[in-house]
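Note sheet for the following structure.
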Amino acid sequence: MPELPEVETVRRQIEPDLNARRLLDAWSHPSEKFTPAHDATGAVVVGIRRRGKFLLVDLARDLDVEPDQELIIHLGMTGHLEVVQPSAPEPTHLRASWQLDDSRVLRFSDVRRFGRLRVVESGDHSTIPTLARLGPEPFDEAFTPESLRLAIASSSRHLKTQLLGQRPVAGLGNIYADEALWRAEVNPAVRSITLTQARRLHTTIREVLRQGIDNGGTTLRDYRSPDGREGANQHRLDCYGRSGQACGRCSTVLESRTLDQRTTTWCPSCQAR
DNA sequence: CGGGGTTCCTGGCCGC
DNA sequence: TGCGGCCAGGAACCCC
């Protein structure tokens, strides 16, 4: 399930292959999630950025002009991007592909079809709700303990649920949210946090995301980087997926329960309310 | 507008 | 071995 570290790993890998390449013919699966692939046809890639879990591919009519469109890619749970020779074996769940002007092909495959594509005018994110209201990038200076505390205070929902909502900070999913809360020793089900807790959580959010990027992402089942390799961060998890095992800090057995329809794992002792 | 619930999908896994 | 049932999970979407 690609979260910020996985999406950033993908971005770094495909950028050199895609930069300055023109997208020629496009093919797409008939779902409306993927048919916008055709809207990018004819444009040249002049850069690839990331906001939270979204990839923003800057498109221009030509190499020497300002970009006027963005191809926005969300990988969902099982989305995978690769730039390969056309002779490479076709993925089983191909959802979109673009012929490139260097004879290679950009392919987007996605087993569960939770991913989606859109082409919009540069900077116009108004039709993509989560992106339009996305919180600060975790490594940006706009993300501070106080911004985090304020964001959490602005809603009455459970802390973990708010973090998954992408408003307090961009890019957390279930894995890194559980990891950050565990490290910060904050209970996932509280509805507000003190500034002291916000300071800890601010630090641990940055730590777990940085560690995830440094390890090339977390591969639990499907995630592969564009070059087909697994990440290594799954060997470094302290909390996510460790329900029933001993907490690495206090040896209490980690618990798991569904919080607002999402599986949540935490230490009932160090993360007590 | 916020909160709460539902839906989209399919492979993998469990139990019989 | 086969199969029904269930689960995971991000974000759009719908209703109140």
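Laboratory data are not the source of any read-out in this text; all were calculated from the coordinates shown. The structure displayed is predicted, hence computed values, not measured ones. In this analysis, Cβ positions are derived from the backbone assuming ideal geometry, glycine residues included, and neighbour counts consider all displayed protein chains.
Across chain A, the longest run free of exposed loop sites, meaning GluC sites (Glu not before Pro) lying outside DSSP classes H, G, I, E and B with no more than 11 other Cβ atoms within 10 Å, spans A:142-273. Using alpha carbons only, the radius of gyration of the stretch A:219-273 set against its Kirkwood radius gives Rg/Rh = 1.09. Think of each Lys and Arg Cβ as +1 and each Asp and Glu Cβ as -1; about the Cα centre, that makes the dipole of the stretch A:1-145 roughly 580 debye. Which cross-chain or sequence-distant (5 or more) residues have an amide H under 5 Å from the amide H of A:C247, H modelled 1.01 Å from N in plane? The answer is A:T252, A:V253, A:L254. Remark: A:R191, A:R199, A:R149 ranked as A:R191, A:R199, A:R149, counting other beta-carbon atoms within 10 Å and listing the fewest first.
Taking the fewest neighbouring Cβ atoms within 10 Å as the starting point, the ordered list for A:V46, A:V208, A:V190, A:V57 is A:V190, A:V46, A:V57, A:V208. Each residue of the stretch A:251-259 is assigned a 3J(HN,Hα), and the resulting list reads 6, 5, 6, 5, 10, 9, 8, 8, 10 Hz, derived from the Karplus form 6.51 cos²θ - 1.76 cosθ + 1.60 (θ = phi - 60°), x at Gly and Pro.
Taking the C-alpha atoms only, the angle from helix A:195-214 to the longest principal axis of chain A is near 40 degrees.
Exposure proxy ranking for A:C239, A:C247, based on other Cβ atoms within 10 angstrom of each Cβ and starting from the fewest, stands as A:C247, A:C239.
Rounded to the nearest Hz, the phi-derived 3J(HN,Hα) couplings of the stretch A:33-38 under the Karplus curve 6.51 cos²θ - 1.76 cosθ + 1.60 (θ = phi - 60°) are 5, 10, 4, x, 3, 5, where x marks glycine and proline. Quick one: angle between helix A:174-184 and the longest Cα principal axis of chain A, in degrees between 0 and 90, rounded to 10, please. That helix lies at roughly 40 degrees to the long axis.
Taking amide H positions as modeled 1.01 Å from N, with prolines and chain starts lacking one, the residues under 5 Å from A:G173 and 5 or more places away or on another chain are A:L4. For the stretch A:4-132, averaging the sequence separation of C-alpha pairs within contact (under 8 Å, six or more residues apart) and dividing by the residue count gives a relative contact order of 26 percent. When the Gaussian network model of chain A links Cα atoms closer than 10 Å, the mean-square fluctuations of A:A96, A:A189, A:A37 top out at A:A189.
Between the alpha-carbon centres of the stretch A:121-162 and the stretch A:1-31 there is a gap of 24 Å.
Applied to the stretch A:8-25, the Karplus parametrisation 6.51 cos²θ - 1.76 cosθ + 1.60 on θ = phi - 60° returns per-residue 3J(HN,Hα) values of 5, 4, 4, 4, 5, 6, 8, 4, x, 6, 9, 4, 6, 8, 8, 8, 8, 4 Hz, with x for Gly and Pro. Placing unit charges on each Cβ (+1 for Lys and Arg, -1 for Asp and Glu) gives chain A a dipole about its Cα centre, and among A:I213, A:T252, A:V45 the Cα reaching farthest toward its positive end belongs to A:T252. Summary of packing: across the peptides A:20-26, A:162-168, A:214-220, A:122-128, the per-residue average of other C-beta atoms within 10 Å ranks them, highest first, as A:162-168, A:214-220, A:20-26, A:122-128.
Could you tell me the convex hull volume per residue, in Å³, taken over the Cα atoms of chain A?
Numbers: hull volume 34.2 nm³, N = 273.
It comes to 125 Å³ per residue, whole-number rounded.
Normalised by 2.2 N^0.38 Å, where N is the number of residues, the alpha-carbon radius of gyration of the stretch A:145-266 equals 1.05.
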